[in-house]
Amino acid sequence: MGFPGFLRRSFIEFPILFDSSVFQTVNFPPMRGKKWIFAFILTLVVSGFLLFYGVKAGENNEINMNASLICFSCIGLE
Amino acid sequence: MTSKIRRLFQYISTAAIDSYVKGVLIGQAIYQGIFKSVPAPALNCYSCPLSRFACPIGTFQHFLTLRQIPFFMLGFFGFIGGLIGRAPCGWICPFGLFQELLYKIPSYKIRLPEWVKYIKYVVLAILTILLPIILMEPWFCKFCPAGTIEAGIPLLSWNPVKSMGSSLYDLLTTHFYVKYGLLIFFLALFITTKRPFCRMMCPLGAIFSLFNRFAFIRMHVDLDKCSRCDLCYNVCPMEIRIWQNPDDVDCIRCMKCYDVCPDRAIKVITPLNMPVELKLQKDLKLLS
């Protein structure tokens, strides 16, 4: 079931412009072979380093302190 | 079968993330223990009275409001994304489960156009990164419907500071009405559209989606077997055609397509069971 008339024009037909040209380039070809293995190992190594550095810098304590207080923005108050 | 396992996994992870029932029983507004040092791998408001973990997006914004580089959070996003891509959205996220359950309500159903998936990158860039740095406030949280449902409604109904002679209602401003109006809009969308928040708004999904293309776990479609029947498209909670792009930024690895595929063309791949066509460094079409 699709959009009714005016919504179809504004939400679907106009953005075809985007779908057909600019954003199609976002669909990269699949990463293959050694490139894939290298990319994911590099990601894990860099992430591991960042996690280690964050823990060493005491970021977890900051996270705990922040998350232990009620977030007024979250509940809609100022 | 995999879909049933996934649903069970969603219930278990939701129960694990939001398991601080004791706090409600003893009158403690929110959990303040050791687990709050670690974010949950899913969008889950840390101000929820039941939540045991920190919210990854709330925490990420908190460091940005302090104008500090969130090393731990960047590592956290990279580690989870690098291993399983956007799978936490499909298997762990309580808010994703909530949307899937609401979509089961019989009603007029709408398919969103494909381009809406790019809105979440704008939300990530502006509300989650730029505005918190510039204005030093967690701007995404100000609009987040997950926070409204998980923390806003329970805390405002409970009003835990009442016993101290104060009231949360003293702090009501226009922001409250905007946030709850937005919630009503999203609730209507949840009933009529498949996972609209995950596809359009979720900054955590936007971050994890960047890893879908090279995560350890990926999807693969054997195009020789695939008959393009679009059964996978019809059941997909993110409305993607996996045979067009198995690495689609919106694929949450829910495996519904795997379950329904009559050609058995869809499978999960890792570098350990890489199909022959991906082992080649160049596309076969380019070689011929």
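The values are calculated or read from the model by the stated rules, or taken from the named source; none is laboratory data. Nothing here was measured: the structure is a model prediction, and the numbers come from that model. Every residue, glycine among them, receives a Cβ derived from its backbone with ideal geometry; neighbour counts consider all protein chains shown.
Among residues of the range B:8-23 that are more than 13 Å from B:E150 (Cα to Cα), those with a Cβ under 6 angstrom from a residue that is assigned to a helix (DSSP H, G or I) and of a type outside the set (F, W, Y), sequence gap 6+ or separate chain, pair up as B:Q10/B:L97.
With the structure loaded, tell me whether A:L42 is aliphatic (A, V, I, L, M), surrounded by fewer than 15 Cβ atoms within 10 Å (Cβ to Cβ), under 20 Å from the mean Cα position of the chain (by Cα) and at pLDDT 70 or above or whether it fails that test. Full working, then the answer.
Values: aliphatic (A, V, I, L, M): yes; surrounded by fewer than 15 Cβ atoms within 10 Å (Cβ to Cβ): yes; under 20 Å from the mean Cα position of the chain (by Cα): yes; at pLDDT 70 or above: yes.
So A:L42 passes the test.
Within the range B:65-113, the residues that satisfy the criterion of being within 16 Å of B:L124 (Cβ to Cβ) and without any contact (Cβ under 8 Å) to a residue 40 or more places away in the chain are B:P70, B:M73, B:L74, B:F76. Of the helices (runs of 4 or more DSSP H) lying entirely inside the range B:162-264, those containing at least 2 residues that are closer than 20 Å to A:F40 by Cα are B:203-209. The single condition among (1) of a type in the set (D, E); (2) within 7 Å of chain B (Cβ to nearest Cβ); (3) under 17 Å from B:F63 (Cα atoms) that A:E78 does not satisfy is (3).
So, B:T193, is that one of a type in the set (S, T, N, Q) and modelled with pLDDT of 90 or more or not? Steps first, please.
Working: of a type in the set (S, T, N, Q): yes; modelled with pLDDT of 90 or more: yes.
When the stated conditions are applied, B:T193 passes them.
Within the range B:79-100, the only residue that satisfies the criterion of being facing chain A (nearest Cβ under 8 Å) and closer than 17 Å to B:C202 by Cα is B:G81.
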